[in-house]
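Trainee: What follows is a structure written as structure tokens; I'll ask about it next.
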Amino acid sequence: PEPLAMEMYRALNGKSMLDAAQWAAKNLPDPDQKVIAQRVLVKLRQLQELGVNLKPINITPDGRRLVGASGQTVLSRSIKNKVRTGPTSIEITLNHPSNGDQSGVTPEVLLHELVHGFLHRAIALQGAGKLNNSGIRSLQELYDYVAKVKPEIIKEYGMTNLSEFASEAMSNKDFQKA
């Protein structure tokens with residue numbers, strides 16, 4: 001594993017999402033990544049103030065990995081009176097650095113999953129008509145515009161849906177350039 005991956009592993013494994021975002025804002029190699037991590041930190045703090053349980057970052061054991069992904073964000077919701085509420089917990093799992101190109105302990109994967117952590121539910125609520133957020137609307141407009149003017153990009157992972165678009169746009173330099 002690369003030195004940065006091992007440094008990230010030691011800094012993140014078992015730490016809170018807030019600690020992970022704060023570490024990223026201070027230590028990631030790219031200045032743009034640091035700015036994004038700082039903004040993510042603000043959003044995660046807001047979620048925590050609303051009662052969302054931000055579970056510790058989990059990194060798979062050495063030699064084990066998630067199937068089909070370098071990282072994963074799980075949003076758990078509670079059900080009260082047969083009504084699903086917003087996320088009550090958010091959990092991020094990253095692949096161990098021993099997984100080579102499938103490692104989740106990279107600046108890009110960490111940012112990608114942190115962005116999912118605060119944004120995925122808002123996008124879902126907006127799509128269901130239960131939220132009217134100008135930022136989400138602008139994001140949808142940008143997604144639609146990119147799909148229209150660059151139809152060849154539709155095959156990219158970042159165009160899978162609006163949540164992946166946002167996460168890839170904020171974490172993947174290659175997708176940003178495309």
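The values are calculated or read from the model by the stated rules, or taken from the named source; none is laboratory data. All figures in this text were calculated on a predicted structure; none of them were measured in a lab. We place every Cβ from the backbone using ideal geometry, glycine too, and count neighbours over all the protein chains shown. Surface accessibility is based on the protein's heavy atoms, side chains included, excluding ligands, DNA and RNA. Shrake-Rupley method; radii C 1.70, N 1.55, O 1.52, S 1.80 Å.
Trainee: Just a yes or no: is a residue in the range 141-157 under 23 Å from Ile57 (Cβ atoms) and among the acidic types (Asp, Glu)? Walk me through it before giving the result.
Mentor: Within the range 141-157, the subset under 23 Å from Ile57 (Cβ atoms) is 157.
With among the acidic types (Asp, Glu) added as a condition, the list becomes none.
The answer is no; no qualifying residue exists.
Trainee: Next question. Does the range 143-153 hold any residues that are without any contact (Cβ under 8 Å) to a residue 24 or more places away in the chain and either under 21 Å from Gly117 (Cα atoms) or surrounded by 11 or more Cβ atoms within 10 Å (Cβ to Cβ) (or both), and which are they?
Mentor: Those that are without any contact (Cβ under 8 Å) to a residue 24 or more places away in the chain and either under 21 Å from Gly117 (Cα atoms) or surrounded by 11 or more Cβ atoms within 10 Å (Cβ to Cβ) (or both): Tyr143, Asp144, Val146, Ala147.
Trainee: Scan the range 12-28 for residues that are among the small types (Gly, Ala, Ser), surrounded by 16 or more Cβ atoms within 10 Å (Cβ to Cβ) and under 19 Å from Pro97 (Cα atoms) and report the count.
Mentor: Looking only at that region, the number is 3.
Trainee: How many residues are under 15 Å from the mean Cα position of the chain (by Cα), of a type in the set (A, V, I, L, M, F, W, C) and buried (at least 16 other Cβ atoms within 10 Å of the Cβ) when one looks only at the range 29-58?
Mentor: Qualifying residue count for the region: 8.
Trainee: Which pairs do you get when a residue that is farther than 17 Å from Thr60 by Cα, found in the range 1-25, comes within reach of a residue that is open to solvent by 60 Å² or more (accessible area, probe 1.4 Å) and charged (D, E, K, R), reach meaning Cβ atoms under 6 angstrom, with the pair 6+ apart or on two chains?
Mentor: As it stands, the answer is Ala25/Lys34, since those pairs meet every condition given.
Trainee: Among the numbered criteria (1) open to solvent by 40 Å² or more (accessible area, probe 1.4 Å); (2) in contact with a helix residue (DSSP H, G or I) (Cβ under 6 Å, 6 or more places away or on another chain); (3) closer than 23 Å to Ala69 by Cα, which single criterion is violated by His112?
Mentor: Status for His112: all satisfied but (1).
Trainee: Quick one: in the range 125-142, of everything that is in contact (Cβ under 8 Å) with a residue 12 or more places away in the chain and among the polar types (S, T, N, Q), which residue is surrounded by the fewest Cβ atoms within 10 Å (Cβ to Cβ)?
Mentor: So the residue we want is Gln140.
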